[in-house]
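Values in this text are rule-based calculations from the coordinates and carry no lab data. For clarity, every value in this text was computed on a predicted model and none was experimentally measured. Cβ atoms come from the backbone with ideal geometry, glycine included; neighbour counts cover every protein chain shown.
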Amino acid sequence: MPGSRVDVDETLIEALRADPRASVLSLSRTTGFPRALIATRLKDLIDDEFVRVKGVMHPQYHGPTIIAHASVTTIGPVGPIAELVSELAETIFVSIVAGEYDLIFESRVSDNAHLHRLLAKVRSHPNVAKINTIVFSTVYKGYLEHDPLTPISIDDVDVELLRELEQDGRRSWQELAQIVELSPSAVRARVHRMLDAGIAQIIVVQERGRFGPAITCGVGLTLSIDAASVLPQLAQERYVEFAVSTVGRFDALMTLRAATPVELFESFEVIRAYPEVTGMESWAHLNAVKEDYTRRIDGSSSQYDTSFPDFLLTHDSTAIAKHK
């Protein structure tokens, strides 16, 4: 018999992560739940945007990029500042946290100069007290992980297909064929060619905190050896959702997600048991304001406007607080 709705949803999402474009029949066979139940829960999860399936461009497709993680201390309420930062085109993840800092955000920029301009823009806000930044090196697990990019040529039809998949990674071959006026088999061949080359991948993004009392924590690690020697193994530990080597105050950054505080404690203990881990700092994610890992095919994401809207730049903290 089917378990609770939370159990069904979590099992379904895990199967979807393994094969984001799997059919309902295939997902039913993988999860062991009835086909009708899977069809209903999948539709509800996607319609309510608790789960999003979308195409993500390879970070290097438009040239070299830098992904940075910034920790922010604010003056006064943090919510309005989080909303402002989430409006910036560069930011791919913005979250209000509990810990030494009040807010963290991750951004994708073209180079160091671009990163400095972005940080200067955020730092100039009167309600931002401090920013601490680290830069990603190698992603070992998570949404930003990509296979090596194989250079191939693409045409306008390929570009249109990628744009459609950015919006809905589960769009059927028939729907895509109607959009570009080709046969479903031709569309499928084109998409698989681009996926195989690593230009894009289809991912599943789960909105945090929607399925029971799940707890998500960020962890910064200090290591006694090079991250490449230990992080691949750490990334495979239970509850590890994201793992990346970094340059800055940490040698590595990880995200842990567990259903209960006890499970989270156990995951911390497993990580602490590694002799290569000599330091550990953690923060709890309270509210993920933005999660958007899409790399735009039209290149718009590499030509960012780092300006806040004028009406958001008022130095009147009361007006800022009212924005939310």
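Here are the numbers for the structure shown:
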{"quantity": "Protection proxy ranking, peptides 25-37, 106-118, average beta carbon neighbours within 10 Å, highest first", "calculated": "106-118, 25-37"}
{"quantity": "Overall dimensions of region 1-157 as given by Cα atoms, namely Rg and Dmax in Å", "calculated": "19.9, 57"}
{"quantity": "Paired Rg and Dmax values of region 5-48, which use every Cα atom, in angstrom", "calculated": "9.0, 24"}
{"quantity": "Rounded to whole Hz, the Karplus (6.51, -1.76, 1.60) HN-Hα couplings of region 248-254, x for glycine and proline", "calculated": "x, 6, 10, 8, 7, 10, 9"}
{"quantity": "For Glu83, Glu164, order by how many other beta-carbon atoms lie within 10 Å, fewest first", "calculated": "Glu83, Glu164"}
{"quantity": "Which of Ile66, Gly76, Ser137, positive extreme of dipole for region 22-156 (C-beta unit charges)", "calculated": "Ser137"}
{"quantity": "Neighbour-count order for Met280, Met194, fewest beta carbons within 10 angstrom listed first", "calculated": "Met280, Met194"}
{"quantity": "Region 1-156, dipole about Cα centre (Lys/Arg Cβ +1, Asp/Glu Cβ -1), debye to the nearest 20", "calculated": "100 debye"}
{"quantity": "Whole-number percent relative contact order across region 5-48, with pairs defined as alpha carbons under 8 Å at least 6 apart", "calculated": "35 percent"}
{"quantity": "Stretchable slack from Val247 to His116, in nm (0.36 nm times residue separation minus alpha-carbon distance)", "calculated": "45.6 nm"}
{"quantity": "Approximate spin-label separation Asp19-Ile66, in nm, with each point projected 7 Å along Cα-to-Cβ", "calculated": "4.2 nm"}
{"quantity": "Unit charges on C-beta of K, R, D, E only; dipole of region 150-197, Debye", "calculated": "220 debye"}
{"quantity": "Potential extension, Ile225-Ala259 segment - 0.36 nm per residue separation minus Cα distance", "calculated": "9.1 nm"}
{"quantity": "Which of Ile215, Ile199 has the fewest Cβ neighbours within 10 Å, and the rest in rising order", "calculated": "Ile215, Ile199"}
{"quantity": "Cα point-scatterer Debye curve for region 150-197, base-10 log of I(q)/I(0) at q = 0.24, 0.27 Å⁻¹", "calculated": "-0.85, -1.07"}
{"quantity": "Contour minus Cα-Cα distance for Arg272 and Val159 (0.36 nm per residue)", "calculated": "36.1 nm"}
